[in-house]
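Reading through the structure tokens given below for one structure.
The values are calculated or read from the model by the stated rules, or taken from the named source; none is laboratory data. Note that this is a predicted model, so its numbers are computed, not measured. Because the Cβ atoms are built from the backbone with ideal geometry, glycine has one as well, and the counts that use them run over all protein chains shown.
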Amino acid sequence: MSHGEHKTTAQKLKITHESSQLHVAGTAEYVDDRPFLKGECVVDVYYSPVAHAEILSINIKEALEVDGVLGIYGSEEVHMKIWGNIFHDQPFLADKLVQYAGEVILIIAAENREALLKAKKKIKVEFKELPAVLSIQEARKQKLFIGPCRKIERGEVDKVMALAPHRIKGVIEMAGQDHFYLESQACIAYPKEDGQVEIHISSQHPSEVQQLVAEALNLKFNQVVCIVKRMGGGFGGKESQAAPFAVYATIVARKLNRPARLILTKDDDMQITGKRNPFENEYEVGFDDNGKILALNFELYSDGGAYADLSTAIMERAMLHSDNAYYVPNMRVTGQVCKTNTAPNTAFRGFGGPKGMVTMENIIEEIALTLGKDSLDIREKNVYQKGQTTHYGQEIDDNVLPEIFSQLRKDADYDSRRKEIESFNASGGSLVKGMSLTPIKFGISFTTRFLNQANALVNVLPDGTVQVSTGATEMGQGVNTKIAQVVSDSLGISIDDVRVMPTSTEKNANTSATAASSGSDLNGRAAEVATEKIKARLSQVALQVFARPLEWRGRKVAGAGTVPEIKIDDNDTTCKVIFDNNEIYDPMTSQRISFKDLLLEAYLNRVSLSSYGFYRYPGIFYNKETGQGKPFFYFTNGVAVSEVSLDRYTGEVKVLRSDLLMDLGRVQIEGIDYGQVTGAFVQGMGWVTTEKLYYNEKGVLKTYSPSTYKIPSVHDTPREFNVKFIENPLNERNVKGSKAVGEPPLMLAISVWTAVKNALAYDARKKNKSQKIPKLKLPATQEAVLMSLES
Amino acid sequence: MRDSVSFYLNGVKKTVSGENLFLPLSSYLRYETQLTGTKVVCAEGDCGACTVMLAKWKPESAVKVTASPYIGINSCIAMTFAMDGANLVTVEGLKENNELCEVQCSMVRNFGGQCGFCTPGFVMAITNMFEHKKNPTEQNAKNYLTGNLCRCTGYQPIIKSALDVDIAKHNTLNKKYPLKPVSQMTEGVLVKTAFAEYFAPVTIEEACKYKSENPECTIFSGATDLGVQFNKGHIRPKKILSLHLIPEMYVSSVSEKVVIVGARVTLSELQKLIEKEVPSLDRFLNIFASPQIKNSATLVGNLANASPIADTTPAMMSLDAKVTVYGLKGSRSMPLKDFYVGYKKLNLQQDEIITSVTFKVPPTDHIFENYKVSQRRDLDISTVNASFNFKIENKKVSFARISLGGVGATTLRMTEVEDKISNVAIDSQWVSNTKKLLMDSVKPLTDVRGQADYRKILVGNLFEKFAAENLLGKN
């Protein structure tokens, strides 16, 4: 091991989340923590209480008379009235028609929150209610679709299906999920000179906010600066859906020429913003006596809600992940987004991945039940082997799936625990147990190629500290810590001397959303590219400094112009010296100079200490129309086995134990990656168990706060929870040999749902029910489980 | 009479008067004192991001149940006026000589925070634990963190942080912020503003007089429900009455198997009071809400709120609890089951104030068990709850109390079923008969917490579970 690597390991031990000392002290600044400026006003929105209606009249007269109210604005204030990421179909402010309960109609500005509350109650909008479409079924019946129906196909599905020894047909329903980021949507718009505006916002996508605000208000893009310091959670919910709130605040800021602060309450946030898309997937599978899958036919239908948002891209990822980890020689998957009168659904950690994978894992459980075999045996029989290709034609290389299956089977004592569960269930009692092991193979990159680009600005300062700016936004995932580590490792300086600056569109323009788990990959590499450029220049300076007399160094000499200036070649991009331990070392001559001294020499000799880096994932392509290509730069793999118990009397689900094994390439900062894995897993558990969105018969969401919407609490986490990473040093493709971790582990929680299904199957077998394969929707709430046990 | 309220905030005296007194404490902290470390997420006491440590003012006579007077509460649903005489510590008050304290350091080194928004609340919840537990187990840690939601970490790094605190380096708040007394606490408070009025008398007679003259007034105590109603804009009480300066309200005792719980006694204090005498109620209170809520909410408040899904009501009904009220004509008592006369309707006169609840410790030959079913086990409102208090003699039920919540407009005592199942031999047939009787006598509604038929099945199954675990095969 080289000297450099030693230090990196030592550094790793003391690295903590870059904001953690501020988090724990309560001094980390979020949008609403910014001090109120003189004249700053507060902003709120009035939204539709009904799911589908014509707006007959809007009366704001009484509301405007409320003491402290400064103005109430509608769609007439918006220049570009309709927006959308993929399709332009969503009004910023509804004026004639509302298409979901929660759709924003008016913006209210006031001196204080009490006035906002009063005014909101005095706004009178007259609606003529229209029939609302509230289910995928109904939308399909009425042919209310968003975007085209896409298809990915290979082999001869129909022919092989017809000849298959066994066939199962069914439907699997998955509900939505609220992001429940702790910090609700928040932004402040500060009016600036010459029609400019500066927006501080909790958003995953500042570039889009900048552009949408400009378009909505008929400004030039260069009149808008958007800044994101940090978010109190995002999870996809602030990828596209933060932008409208910036537009609302900016309208007020410009109308009143005052700073305008819009902070949603959790109640309003949950009613206005979109969720994870519900899916209702039809499937038919043909398989042989051994459980080998011969043919698959999937029809995926998602609930896009009232507007397109990102739903077609989410559907695309669902289609690309409906093979999950298994080779299926003959496979057809179609995907259609449906339009309903609910909030426009949007990105949520995993995007379409979980919905494709659940469909597949449900089928595996059903094959096992049909054949009376262990579902893990079915999985191992079908898992991808190296060199096989996916249904969309991407070759599976760097494939660790078969190994991690067998490793976890062994590490988690799968086979002996299976026997214990069988005898436990046979002996009766008030509990019934189940267990299941599921894999993930999650493709890394945006499936839309042009989004896979990033840029970074690195400024090295004379005291040897560094400021790095990228388009990545920090939402807790530790992207800033990882970027700081890339830069500090590269320059051989302490991570404490690298500060990642607030994300701002005036430093990093035309960036993509921090999404698709790619934030650290893309921006980390861009920062590395920028740093390498500076190093190449410093390397030349160092070699020339080493070649010169010692007394030529320093401000008094080079600064006075008494010696010739060092000239460097901008085309020479190789670094010939070693940056380590705050020193620059020439291995040829064994000469050294401190980092700080070298910076002074570079500066005095007019060599730039700043650089801009650009990076894009190489070699990816995907044709959305043919459904073929190599959309993913690489895959992140993992497996998890979960054991659950169900209370026969109450349906209560307990997760007794979960063991996770993941391949994250070379793990960079273990504390951060471990936290991403446990966090994503528990969030996924919420989706598959307790988190139930309840809409009344008119399509109005009634679970809009944590008193009724139940994300997992500390007691809900697995009673025994083991997380391990495999060593995979072969992954050279990505920055520092790491693999993306943001989304993938969420889908390991599918093992909890399949374990519930497994437990229900034991119950069905014990009670000799005619239905051998229990029907279970997702989430498997206590209610759903009890009703299934009682059926 | 005082016209302001004083308290200590991170050791510094604050005197608040006028409109600011009517702000939720979290708003006062964030927007009036710039202490923005205290976060607000749900504004309803369900997430704990707003947790602060509070040493409430109590009269000399009040029983001290904990070693440290500092307890964690949700500042979003506490009102600023309720800080009268208190010592309050926020996350900004934890640093020691401008360095992070041990709890904060442990959270840093164990990656306890990701997005950081819930982090101050967790830091305070862990601080709360170490105020009352020296060597916490993992289960203790989970119990103390029940009231805090995190969406990023999956809790594992936070549990690790809580267990990794080096107790030798930890200083309790009791040590860091020794209680500073506020003077004039024997004087009442009356604050009148253009919008609202706040009155805190020092005698029960004054309180009854005020209530009879101002029937529209609202009594604020723990405010774990009123605070929520306030934050959501559902209520804007014009007149607020607080009983916190009246010493009798703090009565709490167990003597001769009789438990008396005064109106100001919190559920945490109740739990301490009965943990040895009524262990099954103690166990049940473990899954009642969070430490922060239980540190504010009172038993009397939970009963007076008259929610059909209140978690202490079935237990209190099955224990034949009595409610004592005080009015201009003196005091009177009534059985709890007669206290409810309809959905959120109480048998209470305009001038009357509930002063205490009294119940008997169940005799040792009684089987007393309580159940709740909710979507999530902890910190969730029940879908259905149930309390059973049975005595078995000669394989027959000789005494039965069955109380059910979540299946009607009030908590129901199932007196008819109790009569029908008594003095019949206990066997599996008896269990299924009882189950059917119970299911047939309730007509639950479908709402956000569950379908009607699900609730009905739960009523039957909870009894079946109770019978299987306690009656069959015994006696």
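Can you confirm whether residue B:305 is over 17 Å from residue B:361 (Cβ atoms), surrounded by fewer than 21 Cβ atoms within 10 Å (Cβ to Cβ), among the polar types (S, T, N, Q) and touching a residue at least 40 places away in the same chain (Cβ under 8 Å)? Yes, satisfied. Scanning the range B:425-475 for residues that are without any contact (Cβ under 8 Å) to a residue 40 or more places away in the chain and among the polar types (S, T, N, Q) yields B:429, B:432, B:433, B:434, B:441, B:446, B:451, B:461. Within 18 Å of residue A:258 (Cα to Cα), among the aromatic types (Phe, Trp, Tyr) and assigned by TED's automatic domain parsing to the domain that holds residue A:108, is that true of residue A:73? Yes, satisfied.
Take the residues of the range B:12-41 that are assigned to a loop (DSSP other than H, G, I, E, B) and either over 27 Å from the mean Cα position of the chain (by Cα) or free of Cβ contacts under 8 Å to residues at least 60 places away in the same chain (or both): which is farthest from residue A:24 (Cα to Cα)? Here the residue is B:17.
Yes or no, residue by residue, for (1) among the hydroxyl-bearing types (Ser, Thr, Tyr); (2) under 30 Å from residue A:321 (Cα atoms); (3) touching a helix residue (DSSP H, G or I) at 6+ places or on another chain (Cβ under 6 Å):
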position	(1), (2), (3)
A:108	no, no, yes
A:111	no, no, no
A:118	no, no, no
A:123	no, no, yes
A:127	no, no, no
A:131	no, no, no
A:139	no, yes, no
A:144	no, yes, no
A:152	no, yes, yes
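State yes or no: is residue A:482 within 14 Å of chain B (Cβ to nearest Cβ), touching a strand residue (DSSP E or B) at 6+ places or on another chain (Cβ under 9 Å) and crowded, with 24+ Cβ neighbours inside 10 Å? Criteria met by residue A:482. Within the set B:370, B:389, the sole residue that is more than 30 Å from residue A:717 (Cβ to Cβ) and either more than 13 Å from chain A (Cβ to nearest Cβ) or surrounded by fewer than 21 Cβ atoms within 10 Å (Cβ to Cβ) (or both) turns out to be B:389. Residue A:29 satisfies every condition listed in (1) part of a loop (DSSP other than H, G, I, E, B); (2) modelled with pLDDT under 95; (3) under 28 Å from the mean Cα position of the chain (by Cα) except (2). Can you confirm whether the range B:268-278 contains a residue that is within 25 Å of residue B:343 (Cβ to Cβ), not assigned by TED's automatic domain parsing to the domain that holds residue B:129 and not in a helix (DSSP H, G or I)? Checking the range B:268-278: not a single residue is within 25 Å of residue B:343 (Cβ to Cβ), not assigned by TED's automatic domain parsing to the domain that holds residue B:129 and not in a helix (DSSP H, G or I). Name the single residue that is nearest to residue A:318 (Cα to Cα) among those in the range A:256-298 being in contact with a Gly (Cβ under 7 Å, 6 or more places away or on another chain) and in a strand (DSSP E or B). So, considering only residues that are in contact with a Gly (Cβ under 7 Å, 6 or more places away or on another chain) and in a strand (DSSP E or B), the one nearest to residue A:318 (Cα to Cα) is A:283. Please verify whether residue B:446 is farther than 30 Å from residue A:691 by Cβ and of a type in the set (Val, Ile, Thr), treating the condition exactly as stated. Criteria not met by residue B:446.
Just one residue in the set A:37, A:56 is aliphatic (A, V, I, L, M) and over 30 Å from residue B:119 (Cβ atoms); that residue is A:56. Taking the criterion of being small (Gly, Ala, Ser), in a loop (DSSP other than H, G, I, E, B) and either in contact with a helix residue (DSSP H, G or I) (Cβ under 6 Å, 6 or more places away or on another chain) or at pLDDT 95 or above (or both), no residue of the range B:334-378 qualifies.
Being small (Gly, Ala, Ser), within 10 Å of chain B (Cβ to nearest Cβ) and in contact with a strand residue (DSSP E or B) (Cβ under 9 Å, 6 or more places away or on another chain) holds for only one residue in A:651, A:686, and it is A:651. Within the range B:433-459, the residues that satisfy the criterion of being buried (at least 22 other Cβ atoms within 10 Å of the Cβ) and facing chain A (nearest Cβ under 9 Å) are B:449, B:450, B:454, B:457, B:458.
Of all residues assigned to the range B:123-140, none qualifies as being among the aromatic types (Phe, Trp, Tyr), surrounded by fewer than 24 Cβ atoms within 10 Å (Cβ to Cβ) and assigned to a loop (DSSP other than H, G, I, E, B).
Residues that are under 20 Å from the mean Cα position of the chain (by Cα) and not hydroxyl-bearing (Ser, Thr, Tyr) within the range B:213-231 comprise B:219, B:220, B:222, B:223, B:225, B:226, B:227, B:228, B:229, B:230, B:231, listed in sequence order. Scanning the range A:555-571 for residues being more than 50 Å from the chain's Cα centre (by Cα) and either hydrophobic (A, V, I, L, M, F, W, C) or closer than 15 Å to residue A:544 by Cβ (or both) gives a total of 5.
Results for (1) of a type in the set (Phe, Trp, Tyr); (2) closer than 30 Å to residue A:508 by Cβ, shown as yes or no for each residue.
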| position | (1), (2) |
| --- | --- |
| A:622 | yes, yes |
| A:627 | no, no |
| A:633 | yes, yes |
| A:648 | no, no |
| A:675 | no, yes |
| A:705 | no, no |
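With the structure loaded, tell me whether residue A:713 is out of contact with any Gly (no Cβ under 7 Å at 6 or more places or on another chain), polar (S, T, N, Q), crowded, with 20+ Cβ neighbours inside 10 Å and in the same structural domain as residue A:442 (by TED's automatic domain parsing) or whether it fails that test. So residue A:713 fits the description; yes. Residues that are touching a Phe, Trp or Tyr at 6+ places or on another chain (Cβ under 8 Å) and either more than 18 Å from residue B:116 (Cα to Cα) or at the interface with another protein chain (Cβ under 8 Å from one of its Cβ atoms) (or both) within the range B:37-56 comprise B:39, B:41, B:49, B:53, B:54, B:55, listed in sequence order. Kindly indicate whether residue B:417 is of a type in the set (A, V, I, L, M, F, W, C), over 30 Å from the mean Cα position of the chain (by Cα), assigned to a strand (DSSP E or B) and away from every other protein chain (no Cβ under 14 Å). The answer is no for residue B:417.
Scanning the range B:37-89 for residues that are farther than 19 Å from residue B:219 by Cα and of a type in the set (Ser, Thr, Tyr), we see that the one that is surrounded by the most Cβ atoms within 10 Å (Cβ to Cβ) is B:51.
Each residue in the range A:263-300 was checked for being among the hydroxyl-bearing types (Ser, Thr, Tyr) and crowded, with 24+ Cβ neighbours inside 10 Å, and 1 pass.
Pairs linking a residue in the range A:115-129 that is in contact (Cβ under 8 Å) with a residue 24 or more places away in the chain to a residue that is in a helix (DSSP H, G or I) and basic (Lys, Arg), with Cβ atoms under 9 Å and 6 or more positions apart or on different chains, are A:122/A:61; A:124/A:61.
The condition (being assigned to a loop (DSSP other than H, G, I, E, B), within 13 Å of residue A:646 (Cα to Cα) and hydrophobic (A, V, I, L, M, F, W, C)) is satisfied by just one residue among A:755, A:761, A:780: A:780.
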